[in-house]
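> Structure below; questions to follow.
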Amino acid sequence: MVGRRQSRLRKDVDSYLSPFTDDFAYSDGVEQGSGRASWEEIVRRNYERSTPVDWEIHEMAVNGSNILAEWTATIVPTGMDAVCRRRE
């Protein structure tokens, strides 16, 4: 997770997405979908809208290929001086 966290904070999309496969499915409480390409679109759009400052993983449960994670993302929205935190 350390490498993935660093990739996210550096906005290194290719490295961040490297563990994901084409049959990846996601739901984060705001958006849901399937496929690596769909997730990449969301990641790139988020990077256009904000700069990540921190990404803290609180808990993670793995059951086969299913992963459930509780995390907090800290970002600075583009064009703003404010810092925002989102916990899921």
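> Could you tell me which of the residues Glu48, Glu40, Glu56 is in a strand (DSSP E or B) and either acidic (Asp, Glu) or modelled with pLDDT under 90 (or both)?
Numbers: Glu48 fails: in a strand (DSSP E or B); Glu40 fails: in a strand (DSSP E or B).
Being in a strand (DSSP E or B) and either acidic (Asp, Glu) or modelled with pLDDT under 90 (or both) holds for just one of Glu48, Glu40, Glu56, which is Glu56.
> Something else about it: Restricting to the range 72-88, and then to whatever is assigned to a loop (DSSP other than H, G, I, E, B) and either within 13 Å of the chain's Cα centre (by Cα) or not polar (S, T, N, Q) (or both), can you tell me which residue is farthest from Arg10 (Cα to Cα)?
We begin by selecting, within the range 72-88, every residue assigned to a loop (DSSP other than H, G, I, E, B); these are 78-83, 88.
Right, trim to either within 13 Å of the chain's Cα centre (by Cα) or not polar (S, T, N, Q) (or both) and you get 79-83, 88.
Values: Gly79: 18, Met80: 19, Asp81: 19, Ala82: 19, Val83: 17, Glu88: 21 Å.
Result: Glu88.
> State all residues of the range 1-37 that are in a loop (DSSP other than H, G, I, E, B) and of a type in the set (Ser, Thr, Tyr); if no residue qualifies, say none.
Filtering the range 1-37 down to residues in a loop (DSSP other than H, G, I, E, B) leaves 1, 10-12, 18-24, 28-31, 35.
Matches in the range 1-37: Ser18, Thr21.
> Give Ala69, Ala61 a once-over and let me know the one that is in a strand (DSSP E or B), without any contact (Cβ under 8 Å) to a residue 24 or more places away in the chain, closer than 22 Å to Gly3 by Cβ and over 13 Å from the mean Cα position of the chain (by Cα).
Values: Ala69 fails: over 13 Å from the mean Cα position of the chain (by Cα).
Matching residue, one of Ala69, Ala61: Ala61.
The values are calculated or read from the model by the stated rules, or taken from the named source; none is laboratory data. In this text the structure is predicted, and so the values were computed from the model without any measurement. Ideal geometry is used to build each Cβ from the backbone, glycine not excepted, and the neighbour counts take in all protein chains shown.
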